[in-house]
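**Student:** Before I ask anything, let me first share the structure, which is written out below as structure tokens.
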Amino acid sequence: MFNEKLLIEVLGWQSESNKEQEQIVPTLNAYLDALNLRMKGKLKIENDTHGNIYVTKGKANLYPCIISHLDQVHKYAQNKTIFQNGDYLLAFDGPRQVGTGGDDLVGVFMCLQLLEDYNFIKVVFFVAEEIGCIGSSACDLSYFDDCMFIGQADRKNNSDFINYSNGVQLFGEEFSTFVAPVLKDYNYKECVGIATDAGCLSKRNVGIACFNISCGYYNPHTSTEYVSIKDVTNCYNVICDIISNSDKRFLFTRPTITYGSKPTESKSELYEALYEGFKKSKLYVNNPKHTYAYGKAFDYVVALIEQRDVEMMEFADEFPPLEYLILDYIEQKEEEFKIEKQYNQSFEPIDNKADNIKQLDLFFDKVGAPCSHKDTMWDTGMQQSYCLECFNYLDEKDTYYDNHLSKGRGYY
């Protein structure tokens, strides 16, 4: 059963990459220990030397497997608090909006919720996905030898079912046919992604179908990241339907990718991302005479990056795969470009959603009334005033300083 309170609680957790053991693992371990006690020892909890956490519930011949990652791109927010506005969940650190960490705390929630709802299941919590899928690059693939498939809820928005990520295909025709009715029922569609742990495992030839799925977070990797409860619920139902209908191991060996010489031929995700970015740059010359040379140049660059990543695989803890870093950076820049400069959001009071939920006491004279900016403070870092009511930065001519503040100006 979908537990909205648990979702809000998990969104209150946080961890920077390579700091999981100090920032989020103690909280997760405490939760898993309490859950195992309540389930009378039905969970087998294991850790590897890289910091990944593996949980197996029950004894079965075959298991569904859902994975997630523990790190987020956001800096640790000392006073992170989750607020709810209708269907949406947002995070603030004092007066400043910060990312919720839905990428991939929503995935962490999915794993915990599935442990509650299914008698036989495997879940994995990987470390350092955001800096190159380091945890999944180093894990022992034999853990998945008795799994039917590997799923991950680590995709933005609400309708993507990823069959191509990390430059490789994730599942074949058999699994595609199997999930098609479920995707149709919930308005999902197969499409191409960038990079995540499911793609990393497929690239390592884990031997079974993998997928990544949109799970209801938006504006990832930005301070305006938010989560839709409705879309998280919808994603959870898709995963449950796939699990409930599965009764076999969906074998899949990814095809070997070969590169041609023309940019119009089918290429890896890295090739396409680099080439499309190049076409938008000032260096690109739109001339058919240059097409062949561009193609050969990008063939060489992509092959060089992939060869480097293969040779450095055993040192992945210190040297993350360049392919993942480049793809993630490209996606991040595209997201930043799309997001509006100003983000205004009003909030409504809520009651007892979770311990980390606090009442936001904001009232306006009437809906849609302009903010009077009567409660402002000075941000010494930005060297600009901001309003404590609407959270916007202000021009000095619009600024009103509270009389109770020292010398008429508050300092942040």
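The values are calculated or read from the model by the stated rules, or taken from the named source; none is laboratory data. Here the structure is a predicted model, which is why all the values come from computation and not from measurement. Please note: Cβ atoms are built from the backbone with ideal geometry, for glycine as well, and neighbour counts cover all protein chains shown.
**Student:** Give the number of residues within region 163-199 that are among the hydrophobic types (A, V, I, L, M, F, W, C), within 24 Å of residue 72 (Cα to Cα) and modelled with pLDDT of 95 or more.
**Tutor:** 2
**Student:** Got at least one residue in region 120-129 being out of contact with any Leu (no Cβ under 9 Å at 6 or more places or on another chain), modelled with pLDDT of 95 or more and crowded, with 24+ Cβ neighbours inside 10 Å? First the steps, then the outcome.
**Tutor:** So the first thing to find is which residues in region 120-129 are out of contact with any Leu (no Cβ under 9 Å at 6 or more places or on another chain), and the list is 122, 124.
Subset that is modelled with pLDDT of 95 or more: 122, 124.
With crowded, with 24+ Cβ neighbours inside 10 Å added as a condition, the list becomes 122, 124.
Yes, there is a match, as at least one residue in region 120-129 is out of contact with any Leu (no Cβ under 9 Å at 6 or more places or on another chain), modelled with pLDDT of 95 or more and crowded, with 24+ Cβ neighbours inside 10 Å.
**Student:** How do the strands (runs of 3 or more DSSP E) wholly within region 76-135 filter down when requiring 2 or more residues that are over 15 Å from residue 198 (Cα atoms): which remain? First the steps, then the outcome.
**Tutor:** Values: elements: 80-85, 88-93, 96-98, 121-126.
Ranges flagged: 80-85, 88-93, 96-98.
**Student:** State yes or no: is residue 210 in the same structural domain as residue 171 (by TED's automatic domain parsing), modelled with pLDDT under 95 and within 22 Å of residue 268 (Cβ to Cβ)?
**Tutor:** Values: in the same structural domain as residue 171 (by TED's automatic domain parsing): yes; modelled with pLDDT under 95: no; within 22 Å of residue 268 (Cβ to Cβ): yes.
Here the answer is no, as residue 210 does not meet what is asked.
**Student:** Okay, moving on. Please verify whether residue 357 is surrounded by 13 or more Cβ atoms within 10 Å (Cβ to Cβ) and either at pLDDT 70 or above or of a type in the set (S, T, N, Q) (or both), treating the condition exactly as stated.
**Tutor:** Working: surrounded by 13 or more Cβ atoms within 10 Å (Cβ to Cβ): yes; either at pLDDT 70 or above or of a type in the set (S, T, N, Q) (or both): no.
In short, no.
**Student:** Quick one: in region 1-28, which of the residues that are in contact with an Asp or Glu (Cβ under 9 Å, 6 or more places away or on another chain) and without any contact (Cβ under 8 Å) to a residue 60 or more places away in the chain is farthest from residue 237 (Cα to Cα)?
**Tutor:** 19
**Student:** Further question: Just the residues that are crowded, with 24+ Cβ neighbours inside 10 Å and farther than 18 Å from residue 249 by Cβ, please, taken from region 51-68.
**Tutor:** 52, 68
**Student:** Among the residues of region 20-49, write down those that are out of contact with any strand residue (DSSP E or B) (no Cβ under 9 Å at 6 or more places or on another chain), within 26 Å of residue 313 (Cα to Cα) and of a type outside the set (Val, Ile, Thr).
**Tutor:** Scanning region 20-49 gives 21, 22.
**Student:** Can I ask one more? So, in region 29-64, how many residues would count as being without any contact (Cβ under 8 Å) to a residue 12 or more places away in the chain, at negative phi and in a loop (DSSP other than H, G, I, E, B)?
**Tutor:** Of the residues in region 29-64, 1 are without any contact (Cβ under 8 Å) to a residue 12 or more places away in the chain, at negative phi and in a loop (DSSP other than H, G, I, E, B).
**Student:** In region 207-223, what residues are out of contact with any strand residue (DSSP E or B) (no Cβ under 6 Å at 6 or more places or on another chain) and closer than 27 Å to residue 337 by Cβ? I'd like the intermediate steps shown before the answer.
**Tutor:** Pass one, region 207-223, residues out of contact with any strand residue (DSSP E or B) (no Cβ under 6 Å at 6 or more places or on another chain): 207, 219-222.
219, 220, 221, 222 - these are the residues of region 207-223 that are out of contact with any strand residue (DSSP E or B) (no Cβ under 6 Å at 6 or more places or on another chain) and closer than 27 Å to residue 337 by Cβ.
**Student:** Looking at (1) within 21 Å of the chain's Cα centre (by Cα); (2) surrounded by fewer than 19 Cβ atoms within 10 Å (Cβ to Cβ), find the lone condition where residue 168 falls short.
**Tutor:** (2)
**Student:** Please work out which residue is nearest to residue 84 (Cα to Cα), limiting yourself to region 1-28 and to residues that are of a type in the set (A, V, I, L, M) and part of a helix (DSSP H, G or I).
**Tutor:** Of all residues in region 1-28, those of a type in the set (A, V, I, L, M) come to 1, 6-8, 10-11, 24-25, 28.
Adding the requirement that they be part of a helix (DSSP H, G or I) leaves 6-8, 10-11, 25, 28.
Working: 6: 14, 7: 12, 8: 9, 10: 14, 11: 12, 25: 25, 28: 23 Å.
Among those that are of a type in the set (A, V, I, L, M) and part of a helix (DSSP H, G or I), it is 8.
**Student:** While we're looking at this one, here's another question. Name the residues in region 69-91 that are of a type in the set (Phe, Trp, Tyr) and surrounded by 20 or more Cβ atoms within 10 Å (Cβ to Cβ), would you?
**Tutor:** Of all residues in region 69-91, those of a type in the set (Phe, Trp, Tyr) come to 76, 83, 88.
The answer is 83, and nothing else.
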